[in-house]
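Please see the structure below; I have some questions.
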Amino acid sequence: MHSTRFGEGHKILHLFTEGYGKIEASAFGVRKTKSRFGSKLERFTISRFFLYHKSTSTLYSVKDVEVHNQNDLITADYEKYIAGSALLESVVLFVDRAQPDDKLYSLLCEALKVLNALYAERSAYLLSMYDVQFLSIMGYSPDLRHCIKCGKEIENIKCYIHHFEGFPLCKECKTASSRKVRESVLRFIEWALINPLSLSSKVKMEKDTLVQVRAVIEQLFLHTFHKTPGSWTQLPVYR
């Protein structure tokens, strides 16, 4: 959930729901001191909303909110806040408005709950696992076995990445400026596809490997969506 201010003390809430996909709802007076909603409408909160509207042409209005997970520890730490923002931004940017998906909804809820309890320095591991699974649920599971340029099967999982040509590239399609992708990076991506996000707390990875994992994920998003979440640039691994 994220929001946009309007009027005096009001907000338009942008909600991602299990059964209806992305919807918008107005919360009147929520920014006023005596609002009955209080902190129930914070950014990373998982809640049950009671909504109503007069017709299909008008916005929903918030009647009541039942908080399931506040996830307030995300906002208390800058590194976790940036990772949490990246989780939300992928849904905001790349999920169609009328695209309800229980798997995607469950993935986002799980990611927020895990991030809330996670040590901040492990946020990038969680986000990387989430990004790989997000692509898979969206129908773009990464193909690590075939060259993106010629389609040839890559032997012995020896592949390359290039900032313009993409990923993965076979030995024949690589250029002088292409970089070889570590086998540990490929193993992590394959592992991240099938394991619960809670295991991000157990990941052990060198900083250089994490940097390359993020580079590969960036290429996959660029190839699939032609852009990446802007909040990624604020992650410590990019600085």
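If amide hydrogens are placed 1.01 Å from N in the peptide plane, which non-local residues have theirs closer than 5 Å to the one on His146?
So His146 has HN proximity to Ile154.
For Ser184 and Glu18, what does the FRET efficiency come to when R0 = 45 Å and r is the distance between their Cβ atoms, rounded to the nearest 0.05?
Working: r = 36 Å, r/R0 = 0.79.
Between Ser184 and Glu18 the formula returns 0.80.
In a Debye calculation with equal point scatterers on the alpha-carbon sites of the stretch 121-238 and no solvent, what is log10 I(q)/I(0) at q = 0.10, 0.11, 0.22, 0.24 Å⁻¹?
-0.28, -0.34, -1.39, -1.60
Using 7 Å Cα-to-Cβ label points, what is the Lys152/Tyr78 separation (nm, one decimal)?
Spacing of the two 7 Å Cα→Cβ label points: 4.7 nm.
Longest span of the chain, sites excluded, free of GluC sites (Glu not before Pro) in DSSP loop with at most 11 other C-beta atoms within 10 Å? Let's see the in-between values first.
On the way: sites that count: Glu8, Glu172, Glu206.
For GluC sites (Glu not before Pro) (loop position, at most 11 other Cβ atoms within 10 Å), the longest site-free span of the chain is 9-171.
Give the calculated FRET efficiency between Phe164 and Glu89 to the nearest 0.05, with a Förster radius of 35 Å applied to their Cβ-Cβ distance.
Working: r = 24 Å, r/R0 = 0.69.
According to the calculation, E is roughly 0.90.
How big is the dipole moment of the stretch 90-224 about its Cα centre under a simple scheme where the beta carbon of each Lys and Arg is +1, that of each Asp and Glu is -1, and everything else is neutral? Debye, nearest 20, please. Mind showing how you got there, number by number?
Numbers: 18 positive and 16 negative charges, 77 e Å.
Dipole size: approximately 380 debye.
From the residues Gly19, His53, Val203, which one has its Cα farthest along the dipole of the chain in the positive direction, the dipole being from +1 and -1 charges on Cβ of Lys/Arg and Asp/Glu about the Cα centre?
Value: His53.
In addition: Given R₀ = 22 Å, what would the calculated FRET efficiency be for Asp102 paired with Leu199, taking r from the Cβ atoms and rounding to 0.05?
Details: r = 22 Å, r/R0 = 0.98.
Computed FRET efficiency for Asp102 and Leu199: 0.50.
OK, next. Short version: ³J(HN,Hα) in whole Hz for each residue of the stretch 198-215, in order, from phi by Karplus 6.51 cos²θ - 1.76 cosθ + 1.60 (θ = phi - 60°), x for Gly and Pro, what are they?
Per-residue couplings from phi come out as 4, 6, 4, 6, 9, 5, 10, 8, 6, 4, 4, 5, 4, 4, 6, 4, 5, 5 Hz.
What percentages make up the Cα-Cα pair-distance distribution of the chain when the bins are 10 Å wide from 0?
Bins of 10 Å from zero give 7, 29, 31, 19, 9, 4, 0 percent of pairs.
On to the next question. Please go through the stretch 154-239 and write out the chymotrypsin sites (Phe, Trp or Tyr not before Pro) that DSSP classes as loop and that have at most 10 other C-beta atoms within 10 Å. Let's see the in-between values first.
Numbers: sites: Tyr160, Phe164, Phe188, Trp191, Phe221, Phe225, Trp232, Tyr238; in loops: Phe164.
Within the stretch 154-239, the qualifying chymotrypsin sites (Phe, Trp or Tyr not before Pro) (loop, at most 10 other Cβ atoms within 10 Å) are Phe164.
I've got another one for you. Need the list of lysines near Lys171 for cross-linking: C-alpha distance under 17 angstrom, and skip anything on the same chain fewer than eight residues off.
Lys149, Lys152, Lys158, Lys180
Using the basic label-point model (7 angstrom from Cα toward the beta carbon), what is the Arg48 to Ser177 distance in nanometres?
5.5
Please give the contour-minus-distance gain from Gln234 to Ser141: 0.36 nm per residue of separation, less the Cα-Cα distance, rounded to one decimal in nm.
Numbers: separation 93, 0.36 × 93 = 33.48 nm, distance 2.54 nm.
Length gained between Gln234 and Ser141: 30.9 nm.
Also: Please give the charge dipole size of the stretch 179-227, origin at the Cα centre, charges +1 on K and R Cβ atoms and -1 on D and E Cβ atoms. Round to the nearest 20 debye. Could the numbers behind the result be given before it?
Numbers: 9 positive and 5 negative charges, 20 e Å.
Charge dipole of the stretch 179-227: 100 debye, to the nearest 20.
Quote the charge dipole size of the chain about the Cα centre in Debye, to the nearest 20; the model charges only the Cβ of Lys and Arg (+1) and of Asp and Glu (-1).
My answer is approximately 420 debye.
Every number in this text was worked out from the coordinates using simple rules, so none of it is lab data. Computed from a predicted structure; not experimentally measured. Heads up, the Cβs are rebuilt from the backbone with ideal geometry, glycines too, and the neighbour counts pull from every protein chain shown.
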